[in-house]
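Okay, so here's the structure we're looking at.
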Amino acid sequence: MEHPFHFNCHRCGNCCRVGHGHVWIDAQDVDAMAEEKQMTSAAFLQRFVYGKDGRLALREEPNGACALLDSDNSCSIYECRPQQCSDFPYWPQLAVTGDALDMASAYCPGIQRFPSVELAQVVLPQVAELVAKYGAHAAVDDDAAQQGERWGTSLEIDLFLSSGVELCNVVWPHSQQLRSDLEEIAASSGYPYSVSPWARLLSDRKSGWHELGGVPKI
Ligand code: SF4
Ligand code: SF4
């Protein structure tokens, strides 16, 4: 991985709603963007663009979302979206671990970061202990069952991938306690933490570990 993460877009649109700061555009791209919106360039500039520090940027709605984001999370000028957008998350400032990457991975579920083998071998046994602790309460998770979807964390899934041990669905309120225990382990150890639908996260973590040469065995 050239950047310190595996990436697979979930098409959630979060990156177009939060976190960017300004979305800069080049003046030479305005005509194509206006054409995509079937507007004149003058109308496009008036509705969607503002000037800042001698540069042009895209307007945001009052809720912070880019004004060009459609209600179905798609970009209404996708074919000619700004370079900044098409490059995300492969930005230079996200090529190193630090605050910028922390922020981006907090709002972008497509970014998956991975621990060192050594850290995994220390932390995953702790997750296995939680499996033993909460496994006694295993039952159907009503929320997950109702939504037809089960959610998981990077720690649970890495345990599953490394050892084949899977945490059973845990019934509330144990599921709340489990989640907070996992968050605490991640925060205190520095283990990369993410939450997504189980099947999706399993696929992303599997691909990322594969790029790194395989899942550490514990
Ligand atoms: S221009 Fe398109 S891709 Fe870029 S932030 Fe706006 S909606 Fe998202
Ligand atoms: S936040 Fe990440 S996963 Fe969601 S649409 Fe943007 S790039 Fe894709």
For the chain, report the accessible area per residue in Å² (1.4 Å probe, heavy atoms, rounded to an integer). 55 Å²
Using a Cα-Cα cut-off of under 16 Å, which lysines could be cross-linked to Lys217, ignoring same-chain neighbours fewer than 8 residues away? Lys206
Charge dipole magnitude, Cβ of K and R +1, D and E -1 - the chain, Cα centre, debye nearest 20: 20 debye
Spelling it out for Gly110: with amide H atoms placed in the peptide plane at 1.01 Å from N, the residues 5 or more places away or on another chain with amide H under 5 Å from its amide H are His10
Any chance you could check the Cα centroid distance between segment 1-40 and segment 175-218 for me, in angstrom? 28 Å
At a probe size of 1.4 Å, how large is the accessible area of Glu183, to the nearest 10 Å²? 90 Å²
Check: segment 6-107 dipole with +1 on Lys, Arg Cβ and -1 on Asp, Glu Cβ, in debye: 160 debye
Find the relative contact order for the chain and round it to a whole percent, using C-alpha pairs within less than 8 Å whose residues are 6+ positions apart. 23 percent
Keeping the other protein chains in place, figure out the carbon and sulfur percent of the accessible area of the chain, with a 1.4 Å probe. 50 percent
Where does helix 154-163 land angle-wise versus the long Cα axis of the chain, in degrees 0 to 90, nearest 10? 50 degrees
Please list, in order along segment 104-113, the HN-Hα scalar couplings obtained from phi with the Karplus expression 6.51 cos²θ - 1.76 cosθ + 1.60 (θ = phi - 60°), rounded to whole Hz, x for Gly and Pro. 5, 6, 6, 9, 10, x, x, 8, 10, 9
Evaluate the Kirkwood expression for the hydrodynamic radius of the chain, namely the inverse of the mean inverse distance over all pairs of different C-alpha atoms, and round to one decimal in Å. 19.5 Å
Nonlocal amide H pairs with Val49, under 5 Å, H built at 1.01 Å: Arg59
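The values are calculated or read from the model by the stated rules, or taken from the named source; none is laboratory data. Since we're looking at a predicted model, the values are computed, not measured. For neighbour counting, all protein chains shown are included, and Cβ atoms are generated from backbone atoms with ideal geometry for every residue, glycine included. Each accessible area value is taken on the protein alone, full model and side chains, heavy atoms only, with ligands, DNA and RNA left out. Shrake-Rupley method; radii C 1.70, N 1.55, O 1.52, S 1.80 Å.
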